[in-house]
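K.L.:
Got a structure here, written out as structure tokens. Questions coming.
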Amino acid sequence: MADLIEEIPPEVTRRLGKALFAIPLPSCRRKTRWRIGLVETNGPVGVAAGLDKEGLYTRALSYFCPGFIVVGSTTAKPRRGNKPPLAARLRPRSLINAMGLPSPGLPVVLSRISGIDYPLFVSIAGFTAEELLAQIRYVERYGHNIAAIEVNLSSPTYKGLWDEAAPLLESKKPLFIKVGPTSELRAYLNLAKRGGHGLVVTNTLPVSDQRLGVGRGGVSGLWLYPLMMRMLERARSYLGRDVPIIAAGGVMSCKQVKAVLRLADAVEVLTGILYYGPQLVGRLNACAAADLDNKRI
Ligand SMILES: Cc1cc2nc3c(=O)[nH]c(=O)nc-3n(C[C@H](O)[C@H](O)[C@H](O)COP(=O)(O)O)c2cc1C
């Protein structure tokens, strides 16, 4: 099936997915109680930031029994993304994308998902510390159903912006700092430790690719998996067990989930969903939860 999907242009599968996800489905009732630091979820395997940037598919995604859903990344104000083509395939089971952080703006996204009773994270992006802090304050104030905030400090769209300027962030909601393969990892690990935040390891790997409208983008999927594992190992050995770490990068099988959960507190999936469909995340969540009950509440 995934081999067949590799033949279809990514723009076609993206539009098809958009139409299917717009169907209003009820949330999954199956719950495996799980904890990622201070955050309670319905299991260890969630949907990564970027699949549902606008909050339009959150309810439909919750039907497929993910442990949690990360909505976004949002920006403080509406923002147009890059010019297409926005994505290209890379074999096996990988992608290069350059969406350019399109967003209708955080207030619109939060209002769309405000009635959803499911473990939700919001991922925020921004080009200045003020833009990030304004969004953190907004989620604190209006995001009553938001369990945690992911701070995207590693989008390839930033072109390295945050490496020198990562602010010390304060939040009443649990924060997870998202790093990328080219981030200055040690600085971010210290930031997470000092601030009492969690980490997400990793965002996509920035590369050049002339098939994309802007000539460059970020690699996700299987290609990213070994790199993610090395970063995860480094992060865990530096931080010890105190800091919660969520892993993202090419996870698509139960075997991978089990390997990752030896080091990470949870897993996020995106490219695997684009290749295998949204039921993948529920399947991975169920198999991981059955295998690992030592972290259950
Ligand atoms: C199409 C696409 C859009 C993405 N958008 C975002 C985003 O808005 N914010 C973010 O933090 N990460 C974004 N990511 C990165 C993913 O959340 C994830 O970290 C990365 O793709 C590795 O996981 P995967 O291999 O399971 O896709 C995006 C990835 C893809 C493929």
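The values are calculated or read from the model by the stated rules, or taken from the named source; none is laboratory data. The model shown is predicted, which means the values in this text are computed figures rather than measured ones. Every residue, glycine among them, receives a Cβ derived from its backbone with ideal geometry; neighbour counts consider all protein chains shown.
K.L.:
Would you confirm whether or not the stretch 14-30 contains a residue that is modelled with pLDDT of 90 or more, outside any loop (DSSP other than H, G, I, E, B) and among the hydroxyl-bearing types (Ser, Thr, Tyr)?
P.N.:
no
K.L.:
How about the stretch 244-266: which of its residues are aliphatic (A, V, I, L, M), closer than 11 Å to residue 287 by Cβ and not in a helix (DSSP H, G or I)? Give the steps one after another, and end with the answer.
P.N.:
Within the stretch 244-266, the subset aliphatic (A, V, I, L, M) is 245-248, 251-252, 257, 259-261, 263-264, 266.
Cutting the leftovers down to closer than 11 Å to residue 287 by Cβ gives us 257, 261.
Hit for the stretch 244-266 is 261, nothing else.
K.L.:
Among the residues of the stretch 277-293, is any away from the ligand (no atom under 11 Å from the Cβ), at pLDDT below 90 and outside any helix (DSSP H, G or I)?
P.N.:
Yes, the stretch 277-293 contains a residue that is away from the ligand (no atom under 11 Å from the Cβ), at pLDDT below 90 and outside any helix (DSSP H, G or I).
K.L.:
Still on this structure, I have one more. Please work out which residue is nearest to the chain's Cα centre (by Cα), limiting yourself to the stretch 187-211 and to residues that are buried (at least 23 other Cβ atoms within 10 Å of the Cβ) and in contact (Cβ under 8 Å) with a residue 60 or more places away in the chain.
P.N.:
In this case the residue turns out to be 200.
K.L.:
For the stretch 65-74, enumerate the residues that are touching a residue at least 60 places away in the same chain (Cβ under 8 Å), on the phi < 0 side of the Ramachandran plot and within 12 Å of the ligand (Cβ to nearest atom).
P.N.:
70, 73, 74 - these are the residues of the stretch 65-74 that are touching a residue at least 60 places away in the same chain (Cβ under 8 Å), on the phi < 0 side of the Ramachandran plot and within 12 Å of the ligand (Cβ to nearest atom).
K.L.:
Pick from 106, 61, 153: which is away from the ligand (no atom under 11 Å from the Cβ) and free of Cβ contacts under 8 Å to residues at least 60 places away in the same chain?
P.N.:
Within the list 106, 61, 153, the selection yields 106.
K.L.:
Name the single residue that is surrounded by the most Cβ atoms within 10 Å (Cβ to Cβ) among those in the stretch 98-129 being among the polar types (S, T, N, Q) and in a loop (DSSP other than H, G, I, E, B). Don't jump to the end; show me each part of the working.
P.N.:
Pass one, the stretch 98-129, residues among the polar types (S, T, N, Q): 103, 111, 114, 123, 128.
From what is left, the residues that are in a loop (DSSP other than H, G, I, E, B) are 114, 128.
Numbers: 114: 14, 128: 12.
The extreme case among them is 114.
K.L.:
Has the stretch 170-187 got at least one residue that is within 12 Å of the ligand (Cβ to nearest atom), under 20 Å from residue 234 (Cα atoms), outside any strand (DSSP E or B) and not small (Gly, Ala, Ser)?
P.N.:
Yes - at least one qualifying residue is present in the stretch 170-187.
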